[in-house]
Amino acid sequence: MAATDSSLPIARRSAWRDDCMEVVCGIANAGGGRLVLDADVDGRGVVKRKTNRLMKTIPSAVAAALGLTCAMELVLEEGRMCLEVVVPPAPEPISYHGTFYLYQNGFNTVLDNAALDRLLQPAAETDMKWETRPVIQASLDDLNMGLVTRYTGALRDTDITTDLDEVAAIEEKLRRAGLMTGVGTPTNAGILLLHDQPQRYIAGATVRIGFFGGRAGSPIFEDEVTGSLIEQVHHTVELIFDKYLADTGPCGLGGRTALPRFPAMRCTKPS
């Protein structure tokens, strides 16, 4: 989903060059926005191989360099086909190769110490808490509809997008709960609670469990729990009791001293 807020920064480049990663870093530090590139198309308007390759390589390059998850879209802008990189806001100021950038007023600038100190001020001082910040590359359609309808009390779990009144009611309830913005963009809290893969948008939004033994420092075995935050809590507790605390001694797998088996846990809804 493209950013719909006109206040979000938009940078334009003819092609993906070495400095584009710096621009993406600056846009993320500015609260998110878009980097628009010229798309390579033939006379019939068919996208050429080079652009298709960029749609695959840019997100992975940004993730490796900056730890951000960017969305890629082909858009028609003023009669031209363009490649749009939708940049999410950085949860905290980020740097590229040790340098902090900020994209403002059409320029990507290197932050000096004073400017960096201002950027590092707590989010509370800007009247926007982290959990209320928009995830501009996501929309209602990206959320788990089963979780959304159960949370909002909608009447059915599937095909809600065919009823515009029902969609409007659901979005209003999500906005009141702080899970969606006024333009239909999920917030960080909305992604954590209602998305099947929140780690796609929020780095590290998973639970990792490891069983360590001996002196090597590496886990003997480990697991990563994914899913919405609600599901992660349930599955983590279940996994710890079923696997990590069941017949696993302090000496490692098959240890001599087995921990007692705990009774199975049941999760019930609060009354």
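The values are calculated or read from the model by the stated rules, or taken from the named source; none is laboratory data. Worth saying up front: this structure is predicted, and the values here are computed from it rather than measured. Note: ideal-geometry Cβ built from the backbone for every residue, glycine included; neighbour counts use all protein chains shown. The protein model used for the area step is the full one, side chains on, heavy atoms only, and it has no ligands, DNA or RNA in it. Shrake-Rupley method; radii C 1.70, N 1.55, O 1.52, S 1.80 Å.
Per-residue SASA remark: Y151, around 110 Å² accessible (1.4 Å probe; ligands, DNA and RNA not included).
In the context of the full protein assembly, D196 retains an accessible surface of approximately 70 Å², using a probe radius of 1.4 Å and ignoring ligands and nucleic acids.
Can you give the FRET efficiency to the nearest 0.05 for A64 and D38, using r as the Cβ-Cβ distance and R₀ = 25 Å? Before the final figure, lay out each step's value.
Numbers: r = 24 Å, r/R0 = 0.96.
Rounded to the nearest 0.05, the efficiency is 0.55.
Put a dot 7 Å past the Cα of F211, heading toward its Cβ, do the same for E131, and the two dots end up 3.4 nm apart. For the set K129, K56, solvent exposure ranked by accessible area (probe 1.4 Å, protein chains only) runs largest to smallest as K56, K129.
The Cβ shell under 13 Å around E73 holds other residues with a net charge of -1, Lys and Arg each +1, Asp and Glu each -1.
Provide the packing ranking of 231-240, 197-206, 11-20, i.e. peptides ordered by the mean count of other C-beta atoms within 10 Å per residue, highest first.
Result, highest mean Cβ count within 10 Å first: 197-206, 231-240, 11-20.
Quick one: if you stick a label point 7 Å off each Cα along the C-beta vector at A15 and A177, how many nm between them? Those two pseudo-labels are separated by 4.8 nm.
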